[in-house]
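The values are calculated or read from the model by the stated rules, or taken from the named source; none is laboratory data. On a predicted model such as this, the values are computed, not experimentally measured, just so you know. Heads up, the Cβs are rebuilt from the backbone with ideal geometry, glycines too, and the neighbour counts pull from every protein chain shown. Note: accessible area is taken over every heavy atom of the protein model, side chains too, but ligands, DNA and RNA are not part of it. Shrake-Rupley method; radii C 1.70, N 1.55, O 1.52, S 1.80 Å.
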Amino acid sequence: MQVKAVSDNSKFIRISTDETDLLLRTGSNERLYQVYLGPKLLQKSDLANLPAFNIDGKEAYQTSGAEDYFESALAITHADGNMTTILKYVSSEVKKQDENVSETIITLKDEVYPITVKLHYVTYGKENIIKSWSEISHSERKPIILNRYASSMLYFENPAYFLTEFSGDWAKEVNMSTQELKFGKKILETKLGSRAGMHTSPFFELGLGQPASEHQGDVVLGTIGWTGNFRFTFEVDNVGNLRVSSGINPYASSYELKPGEIFTTPEFIFTFSQEGTGKASRNFHSWARNYQLKDGKGDRLTLLNNWENTSFNFNEEILSDLMKEAKHLGVDMFLLDDGWFGNKYPRNDDHAGLGDWEAMHKKLPHGIPFLVNAAKEAGVKFGIWIEPEMVNPKSELFEKHPDWVIHQPNRETYYFRNQLVLDLSNPKVQDFVFDVVDKIMKENPEVAFFKWDCNSPITNIYSPYLKEKQNQLYINHVRGIYNVFNRVKEKYPNIPMMLCSGGGARCDYEALKYFTEFWPSDNTDPIERLYIQWGFSQFFPSKAMCAHVTSWNRNTSIKFRTDVAMMCKLGFDIGLKDLNADELAYCQNAVANFKRLKGTILDGDQYRLVSPYETNHTAIMYVGQGQDKAVLYTFDINPRYQEKLFPVKLQGLDPQKKYKVEEINLMTGRKSNLKENGRTLSGDYLMKVGLHPFTSNRTNSRIIEITAE
Ligand code: GLA
C-alpha cells in the first residue's frame with residue numbers, strides 16, 4: 001500500500017475500549033480509511049503519526065466498482081444500472097450510553113448517487129468488545145439492488161494469519177481446526193437458512209502472526225448476530241494484508257431496497273486480545289452476561305428432561321413419576337420434550353404432527369394443565385418443548401395452510417427429518433408461531449420454561465408469500481423470526497427459554513438476546529462433550545450452555561458424566577431408576593454442590609487451563625468475583641500407559657490469598673486421593689507450582705473446590 005499525504009484537516013475517529021483502539025481517518029479524497037486496529041495507544045500525540053491513506057488504502061467500508069480489486073463490503077446496482085459506489089465522509093457523532101458503553105455513528109454518502117451509509121460502532125470499555133453494523137438507505141427514484149452488504153470490514157497487517165474455524169454436523173459440533181491464510185479468499189458460510197449453523201458456526205478466531213493460542217499472542221475473536229445465512233470472507237491481498245468482511249450471506253439474496261427504506265445489517269461483534277484466546281473468551285463471557293444474553297445476570301434452572309429417557313413414549317403417569325424423580329434428585333424443573341401434541345396426526349415419531357400444537361388426547365387426556373398441576377404437586381417447575389417454525393406434511397396445519405410452507409409449487413419436495421419450514425416472511429405465519437407460545441401461556445400461566453427447537457434447514461427454497469420476490473426470502477424469513485422472538489419477549493419478558501436446533505446449530509448472539517441458554521449438542525457422550533463445550537466456550541459463557549447427564553456412553557461412570565455436565569448449566573436426561581443407590585446419592589449430592597457453587601460456575605471468570613486438543617487430559621476452572629472461591633474441573637480422557645502426568649497450574653487467583661483445596665463430588669465412601677487435598681496453599685503457589693489432579697485412569701474426573709481463608 002502506498003502511503004500518501006493527506007490534508008491536515010483530515011478527520012480522525014477513535015473507537016476504543018479500555019484495551020483496544022480502532023482508528024479511522026479520512027483521506028484528502030474525503031473517503032474513510034482504517035489506520036489502526038490493535039492494543040490501545042497510550043500517547044494521544046502518537047495518533048497524528050499514523051499513516052494516512054488515500055485511494056489504495058484500507059477503506060473502512062469498501063465499496064465495489066471503484067479502484068479496489070478485492071472483496072468489497074458493499075456492492076450496489078443503482079436504479080439506472082450503474083454498479084459503482086464511492087462513499088465520502090460526511091459526519092460522525094458519539095453517543096455515550098453510560099460510563100462503559102458508547103456508540104459512534106459515522107455517516108458516509110456518495111456524491112453521484114443519493115446513497116447514505118451509516119456505520120455504527122458500539123464499544124464496551126471494560127469488556128473490551130466492539131459491535132459494528134451498518135445502515136444503508138437511498139433516495140433514488142426506483143429501488144436499488146444490494147448485491148453485497150457486509151456488517152463490517154476489518155484489516156490486518158501481520159507477517160502471517162491463522163484462522164481457527166468451528167465446523168461439524170449433527171452431534172459433532174464445533175470441531176476446532178486451524179489453517180494459515182495465504183493469498184486469496186477463504187470463506188466460512190452457510191446457506192441452510194434455518195438450522196443455519198449445522199455445518200459451521202457463526203464465529204471464528206484469528207491468530208495474528210501465529211496460530212491463536214490459549215494463554216498468549218494477539219488474537220481476534222469475531223461473531224455475527226444473525227440467525228440465518230451468514231458469511232465471513234478472509235482475503236489476503238497482493239501485498240499480504242488481510243481483510244475480513246462479515247455479514248449476511250448474500251447467496252440467492254440480492255436485496256431490492258426501496259427508496260426511503262433502511263437496510264440494517266446484523267451486528268458483527270469482536271474482541272482483540274494480546275493474551276490469547278483465554279482472555280478474549282473472558283471478554284465475550286462477561287460482555288454476554290452484562291449486555292447481550294437474555295437475563296444474563298439472572299439465575300438458571302437445573303432440570304430433568306425426558307427426551308433421552310422416554311423419547312416419544314410417555315403418558316400422564318410416566319411423566320408424573322418423572323416429576324417426582326426430578327424433585328427427589330433436587331433439580332428445579334421438569335422439562336417435557338417432543339411428542340406431546342397432535343391428534344389427527346399424533347406425534348408418535350418424527351413423521352407426523354409438527355404444527356398441531358394441541359396436547360395429544362391419547363397420551364395426555366387432561367392436557368397440559370394436568371402436567372402443570374402434577375409438577376406443582378411434585379414441587380418442581382414445568383417446562384415444555386416446542387418447534388413452532390416447522391411443519392410435518394402429515395399435519396392438520398399443512399392440510400389447512402399449504403401456502404404457509406416454504407416449498408416448491410412445481411417440483412418434487414425434499415424433506416429433512418420429514419418436515420418443512422414455515423414461511424416466516426409471511427406476517428400471518430409470524431402470528432401463528434407467536435400464538436403457539438401465547439396459547440400455551442394463556443392456558444397455563446405457570447409454564448416456567450420453553451425449549452424452542454428448529455430441526456430442519458430450509459429446503460425447496462420457494463416462498464408462496466413472496467411470489468416473484470424470492471430473493472428476499474432468506475432475509476425476510478429471519479426478520480420474521482426476530483419479529484416473533486420480539487413479541488414473545490415483550491409479552492413474557494421473564495420466561496427463560498432454551499435455544500435448540502437439532503443440537504447446537506443455532507447459537508448466535510442476536511438470537512441469544514431472546515434466549516437465556518442454548519443446547520450445544522444432542523451428543524451427550526461426556527468425552528465428546530469435553531470438546532464440544534471447549535469449542536462453544538470460546539464465545540459463550542457457561543451460563544448460556546446447557547449440559548445434561550444422559551446414558552450416552554454408559555462405559556463412563558455417572559460421576560464422569562455428571563462432572564462434565566457440571567461445567568455448564570446442569571441438567572439430567574436419564575431415568576433415575578437406572579441408577580443404583582450410590583449413583584443416585586452421588587447425583588443428589590452433585591445437584592446440591594452445583595446449586596451451592598453456581599455463582600462461581602455460571603458467573604465466574606473461566607480459565608481453560610489444559611486443552612483436550614493438545615493433551616490426553618483437560619482442565620478448566622472458574623474463579624468467582626473477589627477471587628475468594630474457585631472451582632477446578634480436571635478430566636483424564638485417554639491417558640497412555642505410564643504417561644508423564646504434569647501438574648496443573650491454576651489461574652486467576654489472588655497470589656496473596658491462602659486457599660483451602662478440597663476435592664468434592666466424590667462417590668459415597670470414597671476418599672480423595674488428590675495429593676494436595678485438604679491443604680491450604682497460597683494463590684501464588686497454586687498458580688506457579690500447581691496441583692496434581694491428573695491420573696493415568698481413563699475417563700477419570702475430579703471437581704476441586706478452592707476457597708480463600
Ligand atoms: C432435536 C433436539 C433434541 C430433542 C429432539 C426432539 O434433535 O436437539 O434435544 O428435543 O429434537 O425431537
Next on the checklist: What distance in nm separates the two pseudo spin-label positions at Ser28 and Asp403, each 7 Å out from Cα along the beta-carbon direction?
Outcome noted: 6.2 nm
Item to check | Two-site FRET efficiency, Lys142 against Asn373, from Cβ-Cβ distance with R₀ of 56 Å, rounded to 0.05 | outcome: 0.40
Item to check | Relative packing of 282-288, 75-81, which averages over residues the other C-beta atoms within 10 Å, highest first | outcome: 282-288, 75-81
Item to check | Exposure rank, largest accessible area first [Thr668, Thr20, Thr413; 1.4 Å] | outcome: Thr668, Thr413, Thr20
Item to check | Accessible area of Arg487 in the full protein assembly, 1.4 Å probe (Å², nearest 10) | outcome: 80 Å²
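Starting from the Cα-Cα distance between Thr116 and Asp98, subtract it from 0.36 nm times their residue separation and give me the gain in nm to one decimal. Don't skip to the answer; put the middle values down first.
Details: separation 18, 0.36 × 18 = 6.48 nm, distance 2.79 nm.
That pair, Thr116 and Asp98, stretches by 3.7 nm at full extension.
Ranked highest first by average number of other Cβ atoms within 10 Å, how do 251-261, 351-361, 647-657 line up? Before the final figure, lay out each step's value.
Working: 251-261: 14.8, 351-361: 21.7, 647-657: 17.3.
So the peptides 251-261, 351-361, 647-657, ranked by packing, come out 351-361, 647-657, 251-261.
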Checklist entry - Computed from the mean reciprocal separation of all distinct C-alpha pairs, what Kirkwood hydrodynamic radius does region 313-466 have, in Å? => result 16.3 Å
Item to check | Inter-probe distance in nm under a simple model that places probes 7 Å from Cα toward Cβ, at Tyr613 and Asn315 | outcome: 5.0 nm
Item to check | Positive-end residue, the chain charge dipole about Cα centroid, Cβ charges, pick of Tyr61, Tyr622, Gln292 | outcome: Tyr622
Next on the checklist: Considering only C-alpha atoms, what is the centroid distance from region 656-709 to region 395-465, in Å?
Outcome noted: 50 Å
Next on the checklist: So, R0 is 60 Å and r is the distance between the beta-carbons of Gln588 and Gln216; what FRET efficiency does that work out to, to 0.05?
Outcome noted: 0.90
Checklist entry - At q = 0.19, 0.26 Å⁻¹, what base-10 log of I(q)/I(0) does the Debye formula yield for region 329-403 when every alpha carbon is treated as an equal point scatterer in vacuo? => result -0.77, -1.14
Checklist entry - Debye sum, Cα scatterers, region 284-364, no solvent: what log₁₀ I/I(0) at q = 0.13, 0.25 1/Å? => result -0.57, -1.06
Checklist entry - Amide H neighbours of Met390 under 5 Å, counting only residues 5+ apart in sequence or on other chains, H built in-plane at 1.01 Å? => result Leu422
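Considering only the other residues whose Cβ falls under 11 Å of the Cβ of Pro526, what net charge follows from Lys and Arg at +1 and Asp and Glu at -1?
On the way: positive: Arg529, Arg554, Lys559, Arg561; negative: Asp525, Glu528, Asp563.
Taking every other residue near Pro526 into account, the sum is +1.
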Item to check | Other-chain or far-sequence residues with amide H under 5 Å of Lys381's (modelled H) | outcome: Met333, Phe334
Checklist entry - Given the alpha-carbon gyration tensor of the chain, what are the semi-axes of its equivalent ellipsoid in whole angstrom, ordered largest first, with each equal to the square root of 5 times an eigenvalue? => result 43, 36, 20
Checklist outcome for this item: Bounding extents of region 559-625 in its principal axis frame from Cα atoms, largest first in Å, are 36, 30, 17
Item to check | Among Leu242, Leu257, Ile318 - extreme Cα towards positive end, dipole of region 172-321, charges at beta-carbon | outcome: Leu242
Item to check | Label-to-label distance, nm, for residues given as His366 and Asn238 (7 Å Cα→Cβ offset) | outcome: 7.7 nm
Checklist entry - Taking the Cα centre of the chain as the origin, how large is its charge dipole in debye, to the nearest 20, when only Lys and Arg (+1) and Asp and Glu (-1) carry charge on their Cβ atoms? => result 840 debye
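What is the extension gain from Asn580 to Asp654, computed as 0.36 nm multiplied by their sequence separation minus the C-alpha to C-alpha distance, in nm to one decimal?
Gain on stretching Asn580 to Asp654: 22.5 nm.
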Checklist entry - For region 1-123, what is the charge dipole size about the Cα centre, in debye to the nearest 20, if Lys and Arg each add +1 at the Cβ and Asp and Glu each add -1 at the Cβ? => result 240 debye
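Treating only the Cβ of Lys, Arg, Asp and Glu as charged (+1, +1, -1, -1), what charge dipole size does region 481-551 show about its Cα centre? Round to the nearest 20 debye. Working shown, then result.
Values: 7 positive and 7 negative charges, 66 e Å.
Its charge dipole is roughly 320 debye.
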Item to check | Sites Asp684 and Asn410 - FRET efficiency at Förster radius 56 Å, r taken between beta-carbons, to 0.05 | outcome: 0.20
Checklist outcome for this item: HN-Hα couplings for region 164-175 via Karplus (6.51, -1.76, 1.60; θ = phi - 60°), in whole Hz with x for Gly/Pro, come out as 9, 10, 10, 10, x, 6, 4, 6, 8, 6, 6, 6
Next on the checklist: Give me the extension gain from Leu50 to Lys671: residue separation times 0.36 nm, minus the current Cα-Cα distance, reported in nm with one decimal.
Outcome noted: 217.4 nm
Item to check | Under 21 Å from Lys469, Cα to Cα: lysines that are on another chain or at least 8 residues apart | outcome: Lys142, Lys191, Lys258, Lys428
Checklist entry - Can you run phi through the Karplus equation (6.51, -1.76, 1.60; θ = phi - 60°) for region 445-452 and list ³J(HN,Hα) in whole Hz, with x for Gly and Pro? => result x, 8, 4, 10, 6, 10, 9, 9
Checklist outcome for this item: Under the Karplus relation with 6.51, -1.76 and 1.60 and θ = phi - 60°, whole-Hz ³J(HN,Hα) for region 177-183, x at Gly and Pro, equal 9, 10, 9, 7, 8, 10, 3
Checklist entry - Got a sec? Charge dipole of the chain, +1 on Cβ for Lys and Arg, -1 for Asp and Glu; which of Val610, Tyr474, Gly690 is way out at the positive end? => result Gly690
